[in-house]
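Report on one structure; see the data block that follows.
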Amino acid sequence: DDCSYLHRLGVDEQCAFVETTDACAESLYYFNYVGFLYCIIGSDREYLFNLGFLLLLCVCAYYFVILGTTADQFFCPTLAAIAKALNISEALAGVTILAFGNGSPDLFTAVANPDADTELMFSELLGSAAFVIAVIGGAVLLIQPFAFAPWAISRDLAFFIAAVVWITLKAADERFSLFDSSVLIGLYLCFLVLVIWEFVRARQEVRRTHSRISIGGGIPEMHASYQNLRVRAEILIRRRDPATSNAVTTSATPGNEVPTNEGLFIDFCDHVNPIDPEEWNQAGWAMRAFCLLKAPFVLLLLLTIPIVDVTANRDGWCKLLNVCHCLTLPLFIVYVNGFAFTTIAKVPLCIWVTLMATPFIIIVFQTSRTDRCPRYHKMFTVLSFLGCIQVIYIVAQEVVSVLETLGIVMKLSKSVLGLSLLAWGNSVGDLFSNVALARQGYGKMAFAACFGGPLLNLCLGLGLTLMTKAFSSANLVADVRKGVMGENCEIYLFQILTTTWLCLLFTNFQGRRSVGLSMIATYLMFLAFSFLGEFELIHPYGTDHHPDPNGG
């Protein structure tokens with residue numbers, strides 16, 4: 001049941017094995033990379049095989065470019081717009097909206113496939129959690145250091161440590177009962193309730209402080225205490241381009257009425273241009289080549305996903321393009337998920353989507369103008385959020401598929417493959433979205449998501465999956481297999497969390513770059529230990545090295 005078994009077969013048998021073995025297609029999404037190497041090229045042609053391996057590395061790098069572009073130009077502005085529209089804080093947006101956006105695809109995949117290999121699931125979930133917290137969280141602090149609220153970060157760390165300890169203790173005998181799964185799910189729900197309760201309290205405190213200062217004859221905005229409370233309770237929009245954000249939007253006046261569709265097609269062409277003219281003029285040959293390389297996919301994103309950016313002119317509104325989005329995004333979603341030609345009442349779903357989208361297209365076109373965004377433009381944030389999540393999920397799946405293929409070529413075991421390559425691949429969406437948020441000034445939201453996303457996957461993903469397995473068992477107990485690296489992942493994830501907490505205590509909860517470096521260094525130590533154990537240079541945790549008393 002392991003695709004790496006193909007290395008024990010002859011060259012003439014490897015292709016047939018890849019095509020007939022389910023394990024070789026576990027992460028197959030759109031492209032069969034294992035089949036490309038072992039069927040189209042063949043391992044007997046060493047030179048071409050190595051070129052194919054190098055090509056897959058280049059493809060993986062291009063996927064990273066796509067993810068970075070999607071996160072930077074589309075996902076981050078949308079998250080800021082949603083948080084602003086809901087009037088919630090950065091921390092709450094991070095542990096709810098961003099965490100659910102990053103973690104929901106993996107969560108749904110895990111729950112929908114309860115019979116998956118638990119050895120791979122354990123190492124992948126724990127390895128992903130370690131990578132997101134230590135590496136991505138550390139990178140966020142390196143990009144944008146900031147002061148933590150002591151209670152908030154202590155709460156996040158305490159709940160995560162509790163979840164890891166509970167999993168370690170209850171899965172020690174490789175059995176996980178229905179009660180154990182229920183506690184894990186309840187732990188996450190308590191965490192979520194506590195985060196929301198703290199936000200509500202902060203909002204009430206802001207209102208009380210505003211009233212107290214106003215009654216005293218002062219101006220609340222001039223008081224440092226009030227501004228500090230607002231930072232905890234609200235999201236402050238960071239202007240990325242002052243010239244653009246302060247641009248004056250033309251509007252019709254009674255004496256100078258501007259036509260509704262003035263410059264409709266010119267505005268459309270300006271917004272669908274995948275290459276920024278100013279960036280192109282200032283770039284050197286290498287950056288221009290990079291712009292041309294990503295231009296096809298950027299054009300596809302622009303035609304599919306609406307941009308809602310409160311820092312841009314007209315909030316990113318383009319009448320004709322947004323009208324098109326009412327149709328292109330739903331069609332894109334049903335097509336990439338394989339439902340476009342699924343028939344309902346003998347009619348393909350893509351036709352039903354087109355028919356349902358047509359009234360919205362007519363309404364948007366008739367009730368909007370080209371020179372200013374309509375009041376309902378904020379509703380496009382929902383479309384943008386769904387589109388970004390879909391694109392990030394698809395590309396991340398392809399990254400996982402490429403990395404798993406590379407792991408098979410390098411003959412890595414399931415446990416190490418799960419905690420390293422697959423963990424990195426499944427976390428690449430978190431990496432690019434969180435780093436892009438930190439670069440745009442939303443470090444608190446990004447760091448909060450570094451805990452909220454993995455905790456969601458670990459508690460709900462693992463809890464619901466093992467609960468489903470327990471229900472299918474007569475004694476309501478799920479059998480789990482943590483593998484050779486299972487305990488290794490648990491111990492080092494616990495160490496990463498406790499080390500981070502200690503570092504913050506020593507710095508008085510100042511998120512300095514040194515704290516970020518210590519988090520990354522702890523993860524590298526975990527990775528080195530895991531690979532040394534994989535190649536049998538040292539013994540990993542959880543393995544028995546005593547001689548067999550029976551002499552076997």
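Which value in Å does the Kirkwood hydrodynamic radius of the chain take, with 1/r averaged over all unlike C-alpha pairs and then inverted? Write out the running numbers ahead of the final one.
Working: mean 1/r = 0.0387 Å⁻¹.
Averaging 1/r across every pair of different Cα atoms and inverting gives 25.8 Å.
From the Cα gyration tensor of region 118-170, with a ≥ b ≥ c the square roots of its eigenvalues, which class applies: rounded if a/c is under 1.5, or else prolate if a/b is larger than b/c, or else oblate? Don't jump to the answer; show the numbers that get you there.
Values: a/c = 5.37, a/b = 1.49, b/c = 3.60.
Oblate, because a/c is 1.5 or more while a/b does not exceed b/c.
At 1.4 Å probe radius, can you tell me the per residue accessible area of the chain in Å²?
Values: 26090 Å² over 552 residues.
Per-residue accessible area for the chain comes out at 47 Å².
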If you place +1 on the Cβ of every Lys and Arg, -1 on the Cβ of every Asp and Glu, and leave all else neutral, what size is the dipole of the chain about its Cα centre, to the nearest 20 Debye? 2440
Do any of Lys84/Lys319; Lys170/Lys469; Lys84/Lys294; Lys411/Lys482 go past 27 Å between their Cα atoms, and which? Lys84/Lys294
Starting from the residue with the highest accessible area, list Phe290, Phe297 in decreasing order, probe 1.4 Å. Phe290, Phe297
Whether region 1-44 is rounded, prolate or oblate, judged on the alpha carbon gyration tensor where a/c under 1.5 counts as rounded: oblate
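Sorted by accessible area with a 1.4 angstrom probe, largest first, how do His7, His325 fall?
Working: His7 60, His325 5 Å².
Greatest to least solvent exposure: His7, His325.
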For region 421-488 and region 141-200, distance of Cα centres in Å: 12
Taking only Cα atoms, what is the 0 to 90° angle, nearest 10, from helix 150-170's long axis to the longest principal axis of the chain? 30
With the 8 Å Cα cutoff and a minimum separation of six or more residues, the chain has a relative contact order in percent of 34
Whole angstrom only: what separates the Cα centroid of region 331-349 from the Cα centroid of region 1-60? 31
Before anything else, pin down the relative contact order of region 1-44: Cα pairs under 8 Å, at least 6 apart, normalised by residue count, whole percent. 42
Carbon and sulfur atoms account, in whole percent of the 1.4 Å probe accessible area of the chain, for 64
Just read off the accessible area of Trp280 with the full protein assembly in place, 1.4 Å probe, to the nearest 10 Å². 70
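Efficiency by 1/(1 + (r/R0)^6): what FRET value for Arg481 and Phe36, r their Cβ-Cβ distance, R0 = 25 Å, to the nearest 0.05? Don't skip to the end; give the middle numbers.
Numbers: r = 31 Å, r/R0 = 1.23.
Result of the calculation: an efficiency of 0.25.
The values are calculated or read from the model by the stated rules, or taken from the named source; none is laboratory data. Everything numeric here is computed off the predicted structure, so don't read it as measured data. We place every Cβ from the backbone using ideal geometry, glycine too, and count neighbours over all the protein chains shown. When the accessible area is computed, the model is the full protein with side chains, heavy atoms only, and any ligands, DNA or RNA have been set aside. Shrake-Rupley method; radii C 1.70, N 1.55, O 1.52, S 1.80 Å.
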